[in-house]
1. Antiparallel versus total DSSP beta bridges in the chain: what percent is that, nearest 5?
2. Between residue 218 and residue 259, what length in nm is gained on full extension when 0.36 nm per residue of separation is reduced by their alpha carbon distance?
3. Could you check the simple spin-label distance between residue 107 and residue 279, using points 7 Å along Cα→Cβ, in nm with one decimal?
4. What FRET efficiency comes out for the pair residue 266/residue 318, r = Cβ-Cβ distance, R0 = 41 Å, nearest 0.05?
5. If each of residue 152 and residue 338 carries a label point 7 Å out from its Cα toward its Cβ, how far apart are those two points in nm?
6. Taking a quarter of the surface of the convex hull around the Cα atoms of the range 260-305, what do you get in nm²?
7. In deg cm²/dmol, rounded to 500, what helix-only [θ] at 222 nm does the chain give when every DSSP H run of at least 4 residues adds -39500 (n - 2.57) and the total is split over its residues?
8. Taking the DSSP beta bridges in the range 140-285 as the whole, what percent of them are antiparallel, to the nearest 5?
Amino acid sequence: MEDVYLSLGSNIGNREAFLQQAIEALGSDPRIMIEKQASLYETSPVGGVKQRAFVNTAVKIGTTYEPLALLKVIHEIESGLHRTRSIHWGPRTVDIDIIFFGSEHIQEPGLSVPHPEAFNRLFVLIPIQELIDEQFPDAHKIEMAISILEKEDQSIKKISPANDFYTEITSNVTKVLAAIGDDPSRKGLIETPDRVARMYANIFDSIGLEDFQDYKLFDSPESDDSKTVMVKGIPFYSMCEHHMMPFWGKVSVAYVPDNGKIIGLSKIPRLVDFVSHKLSLQEKITDDVLVQMERILHPKGVAVIVDARHMCIEMRGVKKTGTVTRTTKFTGIFQQNDELRSEFLNSIQVGQI
Ligand SMILES: Nc1ncnc2c1ncn2[C@@H]1O[C@H](COP(=O)(O)OP(=O)(O)OP(=O)(O)O)[C@@H](O)[C@H]1O
Ligand SMILES: Nc1nc2c(c(=O)[nH]1)N=C(CO)CN2
């Protein structure tokens with residue numbers, strides 16, 4: 001088992017929640033053990049790109065992975081958390097760097113350890129310093145580097161626990177449990193606030209993110225421009241912004257490409273997840289899918305149909321179990337061409353959800 005030190009940073013969306021999810025994903029790998037986590041710090045962006053402040057932390061892990069295999073796991077976790085690589089040193093939902101891997105010095109294509117920028121970055125060294133003891137081989141070097149960097153204009157501020165996503169959610173859920181007349185300290189509820197916090201980090205992981213970025217476009221022959229591409233019956237789960245209760249159902253999307261530009265088919269379900277992982281409404285989800293498809297593809301037209309059931313209709317208010325609501329939206333050729341629109345509409349039955 002090697003002792004490995006990782007630096008983590010986030011500056012898009014719910015920064016603390018992304019970091020926590022990344023650490024949980026690392027910890028849930030059977031070959032990785034989280035040994036210690038540093039505090040969270042809000043840090044000014046380093047590297048010249050004008051962008052929002054980061055939240056940074058670091059973890060000490062034990063792992064049986066070889067360095068390159070660990071890097072692969074890290075990349076998978078990053079892309080699972082909506083991370084895309086567009087701007088070098090630019091904004092990101094989560095960035096995980098390997099800073100030290102035991103006492104190894106690695107120079108391979110795609111991996112340099114110790115991380116070549118580590119000693120120039122206060123946002124790496126201050127959290128890492130919390131995790132090491134005096135026996136750590138580079139302890140003195142880290143201390144020296146920190147005292148030099150502190151004279152530069154890299155600002156770093158420990159975030160008080162009150163700002164931390166998990167602390168905020170757990171303490172407020174505890175208050176809600178008491179306010180509804182239950183006893184938050186009874187056996188069945190003792191871990192509930194913590195579970196709710198972890199669930200929110202997951203089901204709301206698009207809050208604060210504007211545009212879907214996790215896609216690639218491909219070229220197809222322009223002769224395909226007249227052909228409709230349809231992905232039907234994509235399941236989704238979301239939470240309504242009126243009651244914070246679930247609504248769920250199926251999204252069907254069709255588009256007619258323009259200029260031979262098409263999108264990977266698995267990216268349309270990912271887009272549906274992206275727009276539904278926030279507080280929303282069925283109409284908004286319909287609109288958001290359409291707007292993102294337009295932005296990404298500039299197609300000849302887009303059609304979106306959403307069929308959904310709403311807990312706020314079924315469990316409270318009018319209490320109509322099983323009611324399915326359909327919303328639709330069309331642009332371009334789907335708006336102009338009645339036949340094309342009807343063909344798509346008729347191909348999707350309002351069925352059981
Ligand atoms: N020690 C390391 N930890 C993580 N990635 C590394 C390391 N050394 C080299 N890399 C490589 O760096 C590449 C770019 O990483 P990334 O996309 O995170 O860049 P960046 O965030 O713009 O810069 P930085 O490396 O400073 O975080 C990765 O694909 C990875 O292969
Ligand atoms: N403060 C701060 N600045 C950065 C960070 C980061 O995590 N924190 N990551 C970068 C790319 O690795 C570039 N700049």
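1. Of those bridges, close to 95 percent are antiparallel.
2. That works out to 13.7 nm of additional length.
3. Distance between the two pseudo-spin positions: 5.3 nm.
4. 0.65
5. That separation, rounded to one decimal, is 6.7 nm.
6. 3.2
7. Here the helix-only value at 222 nm equals -10000 deg cm²/dmol.
8. Within the range 140-285, antiparallel bridges account for around 85 percent of the total.
Read-outs: derived from the displayed coordinates by stated rules, not from any lab. Not measured: the values here are computed from a predicted model. For neighbour counting, all protein chains shown are included, and Cβ atoms are generated from backbone atoms with ideal geometry for every residue, glycine included.
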